[in-house]
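The values are calculated or read from the model by the stated rules, or taken from the named source; none is laboratory data. Computed from a prediction, not measured in an experiment: that's the story for all the values here. Here the Cβ positions follow ideal geometry from the backbone for every residue, glycine too, while neighbour counts run over all protein chains shown.
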Amino acid sequence: MNSHFDASVDLNLRHAKRSTQLKELAIKSVLIASSLVAILTTIGIVLSLSFEAFRFFGKIPFFDFLFGLDWSPQTAIRSDQVGSSGAFGVVPLLTGTMLISFIAMVVATPLGLYSAVYLAEYAKPKTRNWVKPMLELLAGIPTVVYGFFAALVVAPIIRSMGSGVGFEISSESAMAAGLVMGIMLIPFISSLSDDVINAVPQALRDASYGMGATQAETITKVVLPAATPGIMGSLLLAISRAIGETMIVVMAAGLAAKLSLNPFEAVTTMTVQIVTLLTGDQEFDSAKTLAAFAIALYLLVLTLGLNIIALKIVDNYKKKYA
Amino acid sequence: MRDLTLNTSAQMQKRHRKETRFKWYGRIAILLSLAFLVFMFAAILLRGMSAFQQTKIGLDISFNEQVIDPAGTRDPGDMARANYKPLISAGLAEVFPEVTERREKNQLYKLISNGGMFELGQMVVENPELIGTKQTIWLSASSEADLFMKGKIDAKVEEELRRFKDRDIAWFNTLKDQGKIKKKFNTTFFKSGDSREPEMAGILGAAFGSFFSLLVCFVISFPLGILTAVYLEEFAKKNRITDLIEVNINNLAAVPSIVFGLLGLSIFLNFFNLPRSTPLVGGIVLALMTLPTIIIASRSILRSVPQNIRDAALGLGASKTQTTFHHVVPLAMPGMLTGTILGMARALGETAPLLMIGMVAFIVDIPKGITDVATSLPVQIFLWADSPEKGFVERTSAAIIVLLVFLVLMNLFAVYLRRRMERRW
């Protein structure tokens, strides 16, 4: 007798279920679509960079770019002059980038590591709670501020110190940019190393204390060796940051593309050249503007490579003690 | 007791000294890092504070109707466009009747900022009653006079080496002795756009540019970031595609910011032909850049929502999406908002990508929308830092102070949100 009623309820239920299912499906598609934006961004970056870079390599041979020792793109726009092709060797830019990154790491590694060790092993929770955010403040300051500081305060100090000992130092130098960049990198190293040191199992420390080692001995002989892979990862991440950093070097390092390892000379970096090539008037077909994309592609390969290796190392390390 | 037994041998003493030394290395490293932070803030504050004051010169100006509005129409446009220079010259001549030669007069006039005429015009437009009266008006001093007033030009330096000559100093001191020089709060700095004259330059245009860029950035990155995080945490099955998205997001967070600028240049400007130098494109680029940060932060918040909330909702018959959007997401919202604000604070300080999409230009007008040509605060800092005019040094530092204040405010707001709304599970 209720068969008619049952059927209608059944139909209603089925209808409701269907519409809910549709809604769920719609929502799920929106979710998937939004997570694809991140993938699209990556594809966009890779495609746009390689597309322009390939056009560049149509004009300038790939190996001339990769191994050329001369960088003087300015001549390329005056087509009537001798040497009109310009020189697009990326090696001087690479050495400049590496020189500044090296100086930065020389500053940041000891400061960052010792800070991390102290915070992880010695500091009282109270000290740690206010020192750690203070250090991380260094990473939150916009890089344009560091650049201004490097150019206006640090560079003149280095220069006057140089002339104090009778040593000519140009007003833009790898030293000023590198020092200030090193300070910026401290929290990158200290935060990650701190995590890594904390992840070393307490049992290792206890065993060492049990053998009569002091705390410093335990740290240098047991904890740090155990944490080495993780620390390496954090250093690599910091290097990748240093290579891609733009504003500090634009404001403090200079434009001279010299193949030099003298830290007191003005050097130029890959990021500086991208900025100079693309911020003037630009015609989009000249080798000069396209070169910026080739440099950027190189930069992307370098930083991503370092990053992937670093993440892999840290990941493996975490698994080891997890 | 313990010390007595331990320190008996010379070797033990050596080991303990080593221990103390090692501890001090850590302390010194932290102190050095923090000292640098303090040094940088102090250096910028010291240089920048003076820019919040501007030297003003008081002159008796007679607002001659013949000069300002000969037709008597009181048309604001005409009154603003009138040539106020003779009025200022007359005001100066009253104080310095002995200066009669043309070249000297021109030199004297340079004590007053080039913008002085516009200041007068502005006053007359706002208050036409002034016409026909004589008032003491405080006009902005020129950058050189301003720097001298603030003690940033050393009178002992050889005259050829400074732009503020001995004669200028004598005139300036005469005015000062008559009480016609004052330092006032620098409203121009907060109320106007960029200018070639340091004393007329302000940060309002750049601040609006930053605001519009961040607005676009928020509108795009907040929903996208949260939806992606929700998908990856709540819906995605663990498979190769999910893995790919995850790896991709982690790596995107490490791409140098300048590369995002190149992406904006070649895709949004050259391919989609969006307007160059606008907050619209700037905001899109910043959004793509902050997206990974927001996703990573939001995911860790979602992960911290306890499983039993999901189980309870599902047990009562809620569907997966209902469970997620009615229960899990609202609980995670304050945390996700905190993460977003921190991401936006980062975006506010970004400079390099904006240089690539042409937001680096001399722009006097204050942008009114997301499609107006604009710069941003950090780009303005970069432009001023590059300027040869000495008067811009203190203004650059002042702009940095303003930028840092905004950053601190955003961070404090994030901390407040976290303290106020976050639940402990």
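Listing for the model above:
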quantity	calculated
Matching residues in region A:106-118 - criterion: being of a type in the set (Val, Ile, Thr), more than 8 Å from every other protein chain (Cβ to nearest Cβ) and surrounded by 16 or more Cβ atoms within 10 Å (Cβ to Cβ)	A:107, A:109
Residues (at pLDDT below 90 and basic (Lys, Arg)) located in region A:44-64	A:59
Positions within region A:91-104 being out of contact with any Gly (no Cβ under 7 Å at 6 or more places or on another chain) and away from every other protein chain (no Cβ under 12 Å), in sequence order	A:92, A:93, A:94, A:95, A:96, A:98, A:99, A:101, A:102
Residues of region B:308-327 satisfying the condition of being part of a helix (DSSP H, G or I) and of a type in the set (A, V, I, L, M)	B:309, B:312, B:313, B:314
Some residue of region B:41-60 being under 30 Å from the mean Cα position of the chain (by Cα), loosely packed, with under 14 Cβ neighbours inside 10 Å and among the small types (Gly, Ala, Ser)	yes
Elements of type helices (runs of 4 or more DSSP H) in region A:203-319, at least 2 residues being more than 18 Å from residue A:182 (Cα to Cα) and touching an Asp or Glu at 6+ places or on another chain (Cβ under 7 Å)	A:215-218
Test for residue B:324: is it among the hydroxyl-bearing types (Ser, Thr, Tyr), under 26 Å from the mean Cα position of the chain (by Cα) and either crowded, with 21+ Cβ neighbours inside 10 Å or in the same structural domain as residue B:264 (by TED's automatic domain parsing) (or both)	no
Residue count, region B:244-256 (criterion: within 27 Å of the chain's Cα centre (by Cα) and at the interface with chain A (Cβ under 7 Å from one of its Cβ atoms))	4
Test: residue in region B:47-60 that is under 30 Å from residue B:121 (Cβ atoms), in a helix (DSSP H, G or I) and away from chain A (no Cβ under 14 Å)	yes
Subset tally (residues that are hydroxyl-bearing (Ser, Thr, Tyr) and more than 14 Å from chain B (Cβ to nearest Cβ)) for region A:216-265	2
Test: residue in region A:119-136 that is within 26 Å of the chain's Cα centre (by Cα), within 8 Å of chain B (Cβ to nearest Cβ) and surrounded by fewer than 16 Cβ atoms within 10 Å (Cβ to Cβ)	yes
Spans of helices (runs of 4 or more DSSP H) in region A:102-197 with at least 2 residues free of Cβ contacts under 8 Å to residues at least 12 places away in the same chain	A:125-140, A:155-164
Matching helices (runs of 4 or more DSSP H) fully within region B:61-109 where at least 2 residues are closer than 21 Å to residue B:141 by Cα and at pLDDT 85 or above	B:85-95, B:102-109
Residue check, residue B:301 under 22 Å from residue A:293 (Cα atoms), part of a helix (DSSP H, G or I) and within 31 Å of the chain's Cα centre (by Cα)	no
Those residues of region B:385-425 which are closer than 20 Å to residue B:143 by Cα and not in a helix (DSSP H, G or I), in sequence order	B:386, B:387, B:388, B:389, B:390
Residues (touching a residue at least 60 places away in the same chain (Cβ under 8 Å) and buried (at least 18 other Cβ atoms within 10 Å of the Cβ)) located in region A:27-56	A:45, A:48, A:49, A:52, A:53, A:56
From the options B:272, B:268, B:235, residue that is assigned by TED's automatic domain parsing to the domain that holds residue B:379, under 30 Å from residue B:366 (Cβ atoms) and in contact (Cβ under 8 Å) with a residue 24 or more places away in the chain	B:268
Qualifying residues in region B:199-221 (those that are surrounded by 22 or more Cβ atoms within 10 Å (Cβ to Cβ) and within 13 Å of residue B:284 (Cα to Cα)) - the one nearest to the chain's Cα centre (by Cα)	B:210
